[in-house]
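Colleague: Before I ask anything, here is the structure I am working with.
The values are calculated or read from the model by the stated rules, or taken from the named source; none is laboratory data. Predicted model only: the values in this text are computed from it and were never measured. Every residue, glycine as well, gets a Cβ built from its backbone with ideal geometry; the counts of neighbours run over all protein chains shown.
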Amino acid sequence: MGLSLLLSLLLLPTCLQADSSEECDSDPDYHQVNQPKYLSAPMGGSVHINFSFYYCWELAKNSRVSVALRRTQFHGEFIYNSTWPSFHKDYKNRISLNLPKGQKSGSLQISNLRKEDENIYFCRVQVETREDGKKVWQARQGTKLTITHAAMMTTEGPTSTAPISTGLGVSEGNGSSASSPLSVGAAVGVALAGAVLIIAILGLILYHRWRRSKGLHAKAQTVARGSSQNTEEKYENIGIRR
């Protein structure tokens, strides 16, 4: 899916140029801006709003392409303009433009996403032509951005999400839980801990047996010593009587 999306984005400007060249022959004032209809991204993450544009005018010398971003509706308020550049207070230092020089496709990135960023966004393009001066146009249909709470990968085009593997139990579509196996390092750690525990238990058992055998040996020596002493005293008493 990722490879097909990348190929479609790479081929998009070429397709637009091929189709638009015919439009330019019939309409020299032809211009167009394209962007995805739906996007979704996780809260705290970032999203790239890809766009491409085409025009038939001849640009003025050293003309600069400016890109702006509106929200909510076609004539909504501007939240970014690369001409100054200027930012809306809600998006300050969170929007960046990626438009290589001489290219007709790029992306607008919104980072550190918040729940309030869930909105519809419209890309607007501005150029300076040689004969007609400034020309401004934008996409008729904006991009609807959905902010998700789960850690989902950002998707472009039709709304679909792919969960990021975290190594823990991930909830699947049928409600079951799929748990991933332990890693090699974790398994080795568990095995070492078990071995240490077994060695400690065996050591305690051997220590108690040694203490017990030592106590029995000492008791036996004491009993033997007492018996020998009693025997000597008996013979001494017999000798005294004699």
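Colleague: Quick one: count up the residues across region 91-103 that are farther than 24 Å from Arg140 by Cβ and surrounded by 14 or more Cβ atoms within 10 Å (Cβ to Cβ).
Modeller: Summing the residues that are farther than 24 Å from Arg140 by Cβ and surrounded by 14 or more Cβ atoms within 10 Å (Cβ to Cβ) in region 91-103 gives 2.
So that you can scan it fast, the table gives a plain yes or no per residue for (1) in contact with a Lys or Arg (Cβ under 6 Å, 6 or more places away or on another chain); (2) modelled with pLDDT of 95 or more; (3) more than 27 Å from Leu113 (Cα to Cα); (4) not basic (Lys, Arg):
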residue: Asp29; (1), (2), (3), (4): no, no, yes, yes
residue: Gln32; (1), (2), (3), (4): no, no, yes, yes
residue: Pro42; (1), (2), (3), (4): no, yes, no, yes
residue: His48; (1), (2), (3), (4): no, yes, no, yes
residue: Phe51; (1), (2), (3), (4): no, yes, no, yes
residue: Tyr55; (1), (2), (3), (4): no, no, yes, yes
residue: Glu58; (1), (2), (3), (4): yes, no, yes, yes
residue: Asn62; (1), (2), (3), (4): no, no, yes, yes
residue: Val65; (1), (2), (3), (4): no, no, no, yes
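Colleague: Name the single residue, out of those in region 56-82 being of a type in the set (S, T, N, Q) and loosely packed, with under 12 Cβ neighbours inside 10 Å, that is farthest from Gly133 (Cα to Cα).
Modeller: Applying the filter and picking the extreme gives Gln73.
Colleague: Going through Lys144, Lys115 one at a time, which residue ends up being loosely packed, with under 12 Cβ neighbours inside 10 Å and either at pLDDT 90 or above or under 19 Å from the mean Cα position of the chain (by Cα) (or both)?
Modeller: After ruling out the rest, the residue left standing is Lys115.
Colleague: Right, here's the next one. So which residues in region 124-147 are touching a residue at least 40 places away in the same chain (Cβ under 8 Å), over 17 Å from Ser40 (Cα atoms) and hydrophobic (A, V, I, L, M, F, W, C), if there are any at all?
Modeller: Val125, Val127, Trp137, Ala139, listed by residue number.
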